[in-house]
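Working notes for the structure below.
The values are calculated or read from the model by the stated rules, or taken from the named source; none is laboratory data. Because the structure is predicted, anything quoted here is derived from the model rather than measured. Cβ: placed from backbone, ideal geometry, glycine included. Neighbour counts: every protein chain shown.
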Amino acid sequence: MNNPFDFELLIKKRWYRIPVISVEKWLAKRWPPNWLAFYMTNAFGSDAHSINYFAEVIEIEKIRRSDLFPNEPKNDRSARYYFKLTVSSLKKLPFPIYSRRFRRIVFIPTTWDKFHSAVEVNDLYDESKLEDRLWAELKRHDIPAERQEFVTARGNEYALDFAIYCNEGKLDVEADGDTWHANPQRAAQDNLRDNDLKTAGWQVLRFNGDQIREKAGDYCLPIITENINVYKGLEDGKKVINSQDDDIGGYQQFLFDDM
């Protein structure tokens, strides 16, 4: 949520909009949502960089922007289609879910259980059991990492499973699924990806399914820790990433229960 006007609409009219093109790009496998929650940005003062509010989705309809905002002067977005999500009255969490870094967040599909047990934004991701296992091990060793961090390398955008920022370097830790990365074509794509990231200053570490399931504490974490030490320890301070793109939800966060 990066616009107080949208928040006012949410409270008074009880609806929110998501561009259809964004759903097709980011949420095709996890649509439609049963619940919707909001990550607040700098525009919201003390609520900034945290999730405080959520609501149940009651109805979803596909509608043109010109019908959503009939009094808005015609512009290049007037003919675009949006999903209009009608919701129940907003509920407030007893404790906010904070982001440790003021990062770009697009959409986070999650589950009801993860939403209600989350302490920070990274607890919400629901990409794979392997990633959850490695995330639990990182937390147990007090290693801060950003899950599904979007970065640009040599003009290409990549989502990193785990981004770890050090004082003199950056680590990209990847949890390689057994089936996904057994594909030779995928392996070739990963090679190009890793070369781009290394050129942009990222050290890429890859762990396969067996290593994460059976040796997360005995092998994966020591390798990660050694690399953190090579780069002079965990980063001091935080990095701020700004985004102004309304139509991809640059700083907006939506949480979807897939039950």
| field | Where a residue in segment 180-196 is within 21 Å of Leu130 (Cα to Cα) and of a type outside the set (Ser, Thr, Tyr) and its partner, wherever it lies, is outside any helix (DSSP H, G or I) and at pLDDT 70 or above, with Cβ under 7 Å and at least six apart | value | Arg193/Tyr158; Asp194/Val204
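Within segment 25-54, can you find the residues that are part of a helix (DSSP H, G or I) and within 16 Å of the chain's Cα centre (by Cα)? Break it down stepwise before answering.
If we filter segment 25-54 for residues that are part of a helix (DSSP H, G or I), which is where we start, we get 25-26, 28-30, 42-47.
Lys25, Trp26, Ala28, Lys29, Arg30 - these are the residues of segment 25-54 that are part of a helix (DSSP H, G or I) and within 16 Å of the chain's Cα centre (by Cα).
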| query | Lys62 fails exactly one of the following numbered conditions: (1) assigned to a helix (DSSP H, G or I); (2) touching a helix residue (DSSP H, G or I) at 6+ places or on another chain (Cβ under 9 Å). What is the number of that condition? | reply | (1)
| field | Where a residue in segment 27-49 is without any contact (Cβ under 8 Å) to a residue 40 or more places away in the chain and surrounded by fewer than 21 Cβ atoms within 10 Å (Cβ to Cβ) and its partner, wherever it lies, is of a type in the set (Val, Ile, Thr) and assigned to a loop (DSSP other than H, G, I, E, B), with Cβ under 7 Å and at least six apart | value | Ala48/Thr41
| task | Could you run through segment 54-92 and say how many residues are surrounded by 13 or more Cβ atoms within 10 Å (Cβ to Cβ), over 15 Å from Val20 (Cα atoms) and among the aliphatic types (A, V, I, L, M)? | result | 4
| request: Could you tell me whether Ser22 is small (Gly, Ala, Ser), in contact with a helix residue (DSSP H, G or I) (Cβ under 7 Å, 6 or more places away or on another chain) and not in a loop (DSSP other than H, G, I, E, B)? | output: yes
| query | If we keep just the residues of segment 128-138 that are in contact (Cβ under 8 Å) with a residue 60 or more places away in the chain and touching a Phe, Trp or Tyr at 6+ places or on another chain (Cβ under 8 Å), which is surrounded by the most Cβ atoms within 10 Å (Cβ to Cβ)? | reply | Leu134
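Hey, among the residues in segment 99-127 that are part of a helix (DSSP H, G or I) and in contact with an Asp or Glu (Cβ under 8 Å, 6 or more places away or on another chain), which one's surrounded by the fewest Cβ atoms within 10 Å (Cβ to Cβ)? Explain how you work it out, then say what you get.
Keep residues of segment 99-127 that are part of a helix (DSSP H, G or I), which gives 112-117, 121-124.
Narrowing further to those that are in contact with an Asp or Glu (Cβ under 8 Å, 6 or more places away or on another chain): 112, 114-115, 117, 122.
Working: Trp112: 14, Lys114: 16, Phe115: 21, Ser117: 10, Asn122: 23.
Among them, the one singled out is Ser117.
On the given criteria, is Val173 touching a residue at least 12 places away in the same chain (Cβ under 8 Å), part of a strand (DSSP E or B) and in contact with a Phe, Trp or Tyr (Cβ under 6 Å, 6 or more places away or on another chain)?
Details: touching a residue at least 12 places away in the same chain (Cβ under 8 Å): yes; part of a strand (DSSP E or B): yes; in contact with a Phe, Trp or Tyr (Cβ under 6 Å, 6 or more places away or on another chain): yes.
Considered against the rule, which asks whether it is touching a residue at least 12 places away in the same chain (Cβ under 8 Å), part of a strand (DSSP E or B) and in contact with a Phe, Trp or Tyr (Cβ under 6 Å, 6 or more places away or on another chain), Val173 comes out as yes.
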| field | Members of segment 72-112 that are closer than 21 Å to Ser46 by Cβ and over 14 Å from the mean Cα position of the chain (by Cα) | value | Leu90, Lys91, Lys92, Leu93, Pro94, Phe95, Pro96
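Within segment 178-191, is even one residue within 23 Å of Arg140 (Cβ to Cβ), touching a Lys or Arg at 6+ places or on another chain (Cβ under 7 Å) and not small (Gly, Ala, Ser)?
Going residue by residue through segment 178-191, those that are within 23 Å of Arg140 (Cβ to Cβ) are none.
No, the conditions are met nowhere in segment 178-191.
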| query | Restricting the search to segment 183-217, which residues are closer than 15 Å to Val173 by Cβ, hydrophobic (A, V, I, L, M, F, W, C) and assigned to a helix (DSSP H, G or I)? | reply | Leu197, Ile212, Ala216
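Quick check: anything in segment 43-59 touching a His at 6+ places or on another chain (Cβ under 9 Å), modelled with pLDDT under 95 and over 23 Å from Lys25 (Cα atoms)? Before the answer, list the steps.
Here is the first cut: in segment 43-59, the residues touching a His at 6+ places or on another chain (Cβ under 9 Å) are none.
No.
Can we say Glu137 is out of contact with any Leu (no Cβ under 9 Å at 6 or more places or on another chain) and not in a strand (DSSP E or B)? So that I can check it myself, show each step before the final result.
On the way: out of contact with any Leu (no Cβ under 9 Å at 6 or more places or on another chain): no; not in a strand (DSSP E or B): yes.
Judged against the criteria, Glu137 is not a match.
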| task | Identify, by number, the condition in (1) within 18 Å of Phe38 (Cα to Cα); (2) surrounded by fewer than 21 Cβ atoms within 10 Å (Cβ to Cβ) that His141 doesn't meet. | result | (1)
| query | Which residue pairs have Cβ atoms closer than 7 Å, lie 6 or more positions apart in sequence or on different chains, and pair a first residue in segment 69-85 that is more than 20 Å from Lys13 (Cβ to Cβ) with a second residue that is outside any loop (DSSP other than H, G, I, E, B)? | reply | Ala79/Arg64; Ala79/Ser66
